Amino acid sequence: MAEILVLADHSGGEVKKVTLELLTLARSLGEPSAVVVGAGAGSTVDALAEYGARRVYVAEDAELDRHPVAPAAEVLVQLVGPHSPAAVLIASTADGKEIAARLAVRIDSGLITDAVQVDADLTATQSIFGGSVIVKSRVTRGTPVITVRPNSTAPEAAAGPCEREDLSISLSDGASRAVITNRVEEKHDARPELAEAAVVVSGGRGVGGADGFKVIEALADALGGAVGASRAATDAGWYPHQYQVGQTGKTVSPQLYVAAGISGAIQHRAGMQTSKNIVVINKDPEAPIFEVADFGVVGDLFSVVPQLTEEVVKRK
């Protein structure tokens, strides 16, 4: 089977969920090989092998973490040439898309971003123009470089034999030119990261204010999910901007998306309508967001959401 390279996304040796999704997807396309870069890279091998990586290329060097994105692209460039993989899969995050673009330019290959599905023949499905158009695309030049949206594939373990190969990487002047001089750790609560969460509960203008998000948070916590917000809510200062879902915020594609008090402007729908199951709670039966709903409740969110939360807690 042809080799499929997967760029592993990790934090200090802890593999992120999107990488496990990519390995699961890669198994349907060929033989998955993971590429892991930076400090702590070696400690990811067991986790990657558990999800099907048959080979793990390890570039473990703290020096690589001193430079943004370019080192990962450089490592991939040095692997693609001699190994001639059938494709390279990368998480469709801000860093992932920049790495993919750099790689595609360096190896003179086609690039597809924000895929929500990749078929066995490497045809990628994309949701574009705010989700109003579904496109099937294929790379026709070089090694396909494809970035895949988080939560597009359910991760499934498939442990097997795995070979580790340590890489000796020498960065070019171009890759080492930009240097990270300082890092500030973002404070996280106990909830999962928004872009990777399997369940997202979002509130909009209908929550009426910052205090209204308490019912949204309660439901999210009962479901073990993340909290999101519409642009109207974040612009009003009711919830932090890093939780904004939409075209100018974060794109999410969870297994379950609950939208409470959100009218459903195209800007918001562009960031969530590839979710597997969409539940809408809104007192306006004409709200545009009902057009993309799998299940809808017409009612006051302050009445419906607490009842839903109570019922979820009972069944846990």
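The values are calculated or read from the model by the stated rules, or taken from the named source; none is laboratory data. Bear in mind the structure is a predicted one, so any value in this text is a computation, not a measurement. Note that each Cβ is placed from the backbone with ideal geometry, even for glycine, and that neighbours are counted across all protein chains shown.
General observations
- Consider the range 99-130 and keep the residues that are on the phi > 0 side of the Ramachandran plot and either out of contact with any Pro (no Cβ under 9 Å at 6 or more places or on another chain) or assigned to a helix (DSSP H, G or I) (or both). The one that is surrounded by the fewest Cβ atoms within 10 Å (Cβ to Cβ) is Asp108.
- Applying a threshold of 6 Å to beta carbon distances and a minimum spacing of six or more residues, or different chains, the list of pairs starting in the range 64-77 at a residue that is within 11 Å of Arg102 (Cα to Cα) and crowded, with 18+ Cβ neighbours inside 10 Å and ending at one that is modelled with pLDDT under 90 and polar (S, T, N, Q) is empty.
- Test: residue in the range 168-177 that is hydroxyl-bearing (Ser, Thr, Tyr), without any contact (Cβ under 8 Å) to a residue 40 or more places away in the chain and touching a Gly at 6+ places or on another chain (Cβ under 7 Å): no
- Residues in the range 77-98 that are within 21 Å of Leu194 (Cβ to Cβ), in a helix (DSSP H, G or I) and touching a helix residue (DSSP H, G or I) at 6+ places or on another chain (Cβ under 9 Å): Asp95, Gly96, Glu98.
- Just one residue in the set Ala94, Ala87, Ala41 is of a type in the set (A, V, I, L, M, F, W, C), within 28 Å of Ala178 (Cβ to Cβ), buried (at least 16 other Cβ atoms within 10 Å of the Cβ) and at pLDDT below 95; that residue is Ala41.
- Filter result (assigned to a loop (DSSP other than H, G, I, E, B) and either within 27 Å of the chain's Cα centre (by Cα) or surrounded by fewer than 19 Cβ atoms within 10 Å (Cβ to Cβ) (or both)) within the range 284-316: Asp284, Pro285, Glu286, Ala293, Asp294, Gly299, Asp300, Lys316
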